[in-house]
Amino acid sequence: MTRTVYVNGEYLPEAEAKVSIFDRGFLMADAVYEVTSVLDGKLIDFEGHAVRLKRSLDELQMAEPCTKDELLEIHRKLVEVNEIDEGLVYLQVSRGSDGDRDFVFPSAETKPTLVLFTQNKPGLADSPAAQKGAKIISIEDIRWGRRDIKTTQLLYPSMGKMMAKAAGCDDAWMIEDGHVTEGTSNNAYFVKNGKIVTRPLSNEILHGITRKAVLRMAAEAQMEVEERLFTIDEAKEADEAFTTSASAFVMPVVEIDGVALGDGTPGPIAKRLREIYLDESRKAAI
Ligand code: PDD
């Protein structure tokens, strides 16, 4: 089946979808994005992603391409026509193009470019990777200082994943000033003596939509949560660890820099949180 994608008001077969070579998303990574997961053909936490998108756009003085209701309609239509039961919807808004390359922002009349496409991922919820758990390495965090804005500047996170792969691992956690910031595409947590520890929100990390939901669910399940800075050594000495993201939900971490956590298998709190998150999210999906 040919994938149908959305570009600036049109639903098109992917091969026919086109964006200008002068688009600032392409030339300057002057673009923001969201990834929303789909379970049972329904959107998980659409509202959270729409609110964060608006915030990213506002922080960069970028115009909203359409209303929230229109965005919801586009998401739903793409899920439907592409017959997505489990998968992802990728959305990107760039500052568009006024037909040339210039560091100065284009005029206010320039229309933002809006692109959405689906990724079919059967077995996303029941993933073998989550049953095995992830092995991670730690790397220096050399990204820019506004990681709270979800921009498409993903070269370094992408290089981080490649460094992890080269080391025979699955992902990387980044470290700045001696403390873990986050994973290449997820938020980071460890558990010690039953207490979940994660870095507090700031400009240094993305304000994960899954993070917010998981912390709420952890509190509801009477789990203890502490938001504070932590070192990679603390994480290595933890009983268990995990990451959260829209694309992998709650992903247990079983090894950090070659050090096995606990017995080297996914920990009970990570497994329980994954179950609760999937269960609650399915119920609230729209
Ligand atoms: N990444 N931190 C970073 C750097 C991320 O890129 C992501 C998400 C998260 C988790 O945020 P959320 O829970 O809202 O997905 C944290 C997406 C999934 C991606 O780039 O594909």
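The values are calculated or read from the model by the stated rules, or taken from the named source; none is laboratory data. Note that the structure is predicted; figures quoted are calculated from it, not measured. Note: ideal-geometry Cβ built from the backbone for every residue, glycine included; neighbour counts use all protein chains shown. The protein model used for the area step is the full one, side chains on, heavy atoms only, and it has no ligands, DNA or RNA in it. Shrake-Rupley method; radii C 1.70, N 1.55, O 1.52, S 1.80 Å.
When N is the residue count of region 1-88, what does its C-alpha Rg come to as a fraction of 2.2 N^0.38 Å?
Here the answer is 1.15, to two decimals.
Work from the charge dipole of the chain (Cβ charges, +1 for Lys and Arg, -1 for Asp and Glu, about the Cα centre) and give the residue of Thr118, Ala241, Leu57 farthest towards its positive end.
The Cα lying farthest towards the positive end belongs to Thr118.
By how many degrees, 0 to 90 and rounded to 10, does the Cα axis of helix 268-284 deviate from the longest principal axis of the chain?
The two axes meet at around 30 degrees.
Just the projected area, averaged over all directions, of the convex hull on the alpha carbon atoms of the chain: how many nm²?
Averaged projected hull area, Cα only: 14.9 nm².
Can you pull the accessible area of Lys165 for me, 1.4 Å probe, Å² to the nearest 10?
140
On the full set of protein chains, 1.4 Å probe, figure out the accessible area of Asp170 and give it in Å² to the nearest 10.
Its accessible surface works out to 80 Å², give or take rounding.
For the Cα atoms of the chain, what angle does the longest principal axis make with the long axis of helix 68-81, in degrees from 0 to 90, nearest 10?
Between the helix axis and the principal axis of the chain, the angle is about 80 degrees.
Check which residues have an amide H placed less than 5 Å from Asp148's amide H, if you skip close sequence neighbours.
Amide H neighbours of Asp148, under 5 Å, 5+ apart: Ile205.
What is the extension gain from Arg146 to Glu80, computed as 0.36 nm multiplied by their sequence separation minus the C-alpha to C-alpha distance, in nm to one decimal?
20.3 nm
How many nm separate the modelled label positions at Glu10 and Glu227, each set 7 Å beyond the Cα in the direction of the Cβ?
Placing both labels 7 Å beyond Cα along the Cβ direction yields 4.4 nm.
Given a cut-off of 20 Å, name the pairs among Lys132/Lys236; Lys42/Lys165; Lys212/Lys283; Lys135/Lys271; Lys150/Lys212; Lys135/Lys165 whose C-alpha atoms lie farther apart than that in the structure shown.
Table pairs above 20 Å Cα-Cα are Lys42/Lys165.
Taking every pair of distinct Cα atoms and averaging 1/r, then inverting, what Kirkwood hydrodynamic radius in Å comes out for region 183-272?
Computed over region 183-272, the radius equals 13.0 Å.
Using alpha-carbon positions, what is the distance between the centroids of region 268-286 and region 1-71, in Å?
26
Taking Lys18 as the anchor, which aspartates and glutamates have their alpha carbon closer than 16 Å to its alpha carbon, excluding any fewer than eight residues away along the same chain?
Those aspartates and glutamates meeting the cut-off are Glu10, Asp98.
Given axes a ≥ b ≥ c from the Cα gyration tensor, I'd like to know whether region 128-284 is rounded (a/c under 1.5), prolate (a/b larger than b/c) or oblate.
Rounded shape, in that the Cα axes give a/c under 1.5.
At Lys165 and Ala219, where each label point lies 7 Å from the Cα along Cα→Cβ, what is the point-to-point distance in nanometres?
3.9
Determine how large the accessible area of Asp126 is when every protein chain is in place; take a 1.4 Å probe and give Å² rounded to the nearest 10.
Taking all protein chains as shown, Asp126 has close to 110 Å².
So how do Tyr33, Tyr11 rank on accessible area, 1.4 Å probe, biggest first, that is with the largest at the start?
My answer, sorted largest first, is Tyr11, Tyr33.
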